[in-house]
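The values are calculated or read from the model by the stated rules, or taken from the named source; none is laboratory data. The model shown is predicted, which means the values in this text are computed figures rather than measured ones. Cβ placement follows ideal geometry from the backbone for every residue including glycine, while neighbour counts extend to all protein chains displayed.
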Ligand SMILES: Cc1cc2nc3c(=O)[nH]c(=O)nc-3n(C[C@H](O)[C@H](O)[C@H](O)COP(=O)(O)OP(=O)(O)OC[C@H]3O[C@@H](n4cnc5c(N)ncnc54)[C@H](O)[C@@H]3O)c2cc1C
């Protein structure tokens with residue numbers, strides 16, 4: 001078991017964590033990134049990424065994250081494959097974290113980039129057809145279904161927003177909900193019901209995601225939640241929109257969070273309620289949830305961390321004011 005010291009400890013290795021690391025390393029903060037169970041973050045479970053700036057052609061999510069990692073390492077970041085299981089923020093700085101390996105991490109500043117995970121239905125075929133017709137992000141993947149038939153599964157704000165967004169690309173959007181009314185805000189429901197491109201299928205649960213001969217999603221098997229009747233619906237794309245879970249269990253009772261568990265920061269900044277502790281990316285953002293926004297927040301966190309350390313060093317070096325007798 002080892003103890004690792006750094007000026008900036010970064011928890012999480014998605015776009016937010018790697019971007020924070022690139023900025024921190026270039027500011028000579030010798031950052032450590034603790035990568036967690038999903039090195040590279042959410043983009044490693046998708047295929048085509050077409051909206052990350054800098055690439056004219058579609059790039060593959062895992063490749064993009066390998067490049068970010070390589071860039072962060074190239075400028076001097078230490079990557080450690082471990083998962084943080086507890087943190088001590090009360091007695092810092094420095095802030096202490098313990099890894100699943102038993103190793104201890106001590107950071108003068110801490111940047112939390114633990115992200116969020118889309119919630120999935122857990123139905124057969126859902127994972128196998130991820131990136132082959134099944135998605136959890138209309139903003140990310142809707143463009144690939146231009147002129148095609150798509151379904152959105154869910155009944156809350158996210159589902160309705162995803163369905164409305166998809167009408168930019170498709171004239172044939174079906175919202176599938178297991179109940180006979182939606183949880184989404186009334187104003188969103190009004191927009192949904194008045195949109196001629198959207199049909200709502202009530203009282204239907206998705207039993208499985210089925211592939212066609214080409215290995216891509218072909219149809220959904222449905223069960224009526226009232227009558228028990230089985231049916232199918234042919235679709236080219238299915239968007240599971242039943243919410244996201246931010247990875248913030250570690251910080252419960254230690255940092256302020258909203259009702260859904262997203263970390264709260266000072267508006268427009270990555271600063272949490274504890275000076276020297278920052279949060280960036282999907283762990284604090286339930287609105288945009290994009291790789292580029294996460295990367296932007298990671299950059300902001302590293303810059304603010306650097307300024308925080310500089311201000312502390314300056315205060316420590318300040319000579320005490322001599323008061324004349
Ligand atoms: C299927 C899919 C397709 C997508 N497509 C696109 C797209 O085309 N374009 C786009 O812009 N966005 C897309 N997104 C969204 C994008 O992936 C996220 O917005 C982005 O990855 C968020 O980055 P992040 O750094 O905040 O966190 P994440 O990518 O969620 O990474 C979180 C990191 O934290 C680590 N971690 C968690 N807990 C711990 C712990 N206790 N200790 C250590 N590490 C921990 C994880 O291992 C992981 O490395 C897609 C998402 C999904 C799911």
### Message
Please determine whether any residue of the stretch 177-196 is touching a strand residue (DSSP E or B) at 6+ places or on another chain (Cβ under 7 Å), within 28 Å of residue 282 (Cβ to Cβ) and part of a strand (DSSP E or B).
### Response
no
## Note on the structure
Checked the stretch 147-176 for anything without any contact (Cβ under 8 Å) to a residue 60 or more places away in the chain, under 25 Å from the mean Cα position of the chain (by Cα) and part of a loop (DSSP other than H, G, I, E, B); matches are 155, 167, 168, 169
### Summary
When (1) near the ligand (Cβ under 8 Å from one of its atoms); (2) outside the structural domain of residue 162 (by TED's automatic domain parsing); (3) at pLDDT below 95 are applied to residue 92, the one that fails is (1)
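Using the structure shown, decide if residue 55 is over 15 Å from residue 109 (Cα atoms) and more than 9 Å from the ligand (Cβ to nearest atom).
Details: over 15 Å from residue 109 (Cα atoms): yes; more than 9 Å from the ligand (Cβ to nearest atom): yes.
Taking the combined requirement at face value, the residue satisfies it.
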### Message
Cβ-Cβ under 9 Å, sequence separation 6+ or interchain: first residue in the stretch 213-231 and in the same structural domain as residue 145 (by TED's automatic domain parsing), partner outside any loop (DSSP other than H, G, I, E, B) and surrounded by fewer than 11 Cβ atoms within 10 Å (Cβ to Cβ). Which pairs?
### Response
221/230; 222/230; 223/230; 224/230
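In this structure, does residue 306 turn out to be within 16 Å of the ligand (Cβ to nearest atom) and outside the structural domain of residue 217 (by TED's automatic domain parsing)? First the steps, then the outcome.
Numbers: within 16 Å of the ligand (Cβ to nearest atom): no; outside the structural domain of residue 217 (by TED's automatic domain parsing): yes.
Here the answer is no, as residue 306 does not meet what is asked.
Taking residue 282 as the residue in question, decide whether it is assigned by TED's automatic domain parsing to the domain that holds residue 48 and away from the ligand (no atom under 15 Å from the Cβ).
On the way: assigned by TED's automatic domain parsing to the domain that holds residue 48: yes; away from the ligand (no atom under 15 Å from the Cβ): no.
Judged against the criteria, residue 282 is not a match.
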### Task
Would you check if residue 186 is more than 28 Å from residue 42 (Cα to Cα) and surrounded by 15 or more Cβ atoms within 10 Å (Cβ to Cβ)?
no
### Task
For the stretch 63-82, name all the residues that are surrounded by 16 or more Cβ atoms within 10 Å (Cβ to Cβ) and within 26 Å of residue 137 (Cα to Cα).
64, 65, 68, 69
### Task
Answer yes if at least one residue in the stretch 298-308 is surrounded by fewer than 17 Cβ atoms within 10 Å (Cβ to Cβ), under 25 Å from residue 115 (Cβ atoms) and more than 25 Å from the chain's Cα centre (by Cα), and no otherwise.
yes
### Task
Go through the stretch 237-261 and give me each residue that's surrounded by 19 or more Cβ atoms within 10 Å (Cβ to Cβ), within 20 Å of residue 41 (Cα to Cα) and touching a helix residue (DSSP H, G or I) at 6+ places or on another chain (Cβ under 7 Å).
239, 241, 246, 247, 248
### Query
Has the stretch 27-42 got at least one residue that is within 16 Å of residue 141 (Cβ to Cβ), surrounded by 23 or more Cβ atoms within 10 Å (Cβ to Cβ), in the same structural domain as residue 278 (by TED's automatic domain parsing) and near the ligand (Cβ under 7 Å from one of its atoms)?
yes
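Condition first: closer than 30 Å to residue 2 by Cβ, outside any loop (DSSP other than H, G, I, E, B) and either within 13 Å of the ligand (Cβ to nearest atom) or not assigned by TED's automatic domain parsing to the domain that holds residue 35 (or both). Now tell me which residues in the stretch 108-129 satisfy that. Break it down into steps so the answer makes sense when it comes.
Filtering the stretch 108-129 down to residues closer than 30 Å to residue 2 by Cβ leaves 108-117.
If we keep only those that are outside any loop (DSSP other than H, G, I, E, B) as well, we get 108-112, 116-117.
Scanning the stretch 108-129 gives 110, 111, 112, 116, 117.
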### the stretch 262-297, subset surrounded by fewer than 19 Cβ atoms within 10 Å (Cβ to Cβ) and without any contact (Cβ under 8 Å) to a residue 24 or more places away in the chain, residue farthest from residue 136 (Cα to Cα)
273
## Note on the structure
Restricting the stretch 56-97 to residues that are in contact with a helix residue (DSSP H, G or I) (Cβ under 7 Å, 6 or more places away or on another chain) and assigned to a loop (DSSP other than H, G, I, E, B), the one nearest to residue 37 (Cα to Cα) turns out to be 77
### Query
Restricting attention to the stretch 98-107, which residues are in a loop (DSSP other than H, G, I, E, B), in contact (Cβ under 8 Å) with a residue 60 or more places away in the chain and within 13 Å of the ligand (Cβ to nearest atom)?
101, 103
### Query
Looking at (1) more than 27 Å from residue 274 (Cα to Cα); (2) surrounded by fewer than 16 Cβ atoms within 10 Å (Cβ to Cβ); (3) in contact with a strand residue (DSSP E or B) (Cβ under 8 Å, 6 or more places away or on another chain), can you tell me which one residue 45 breaks?
(2)
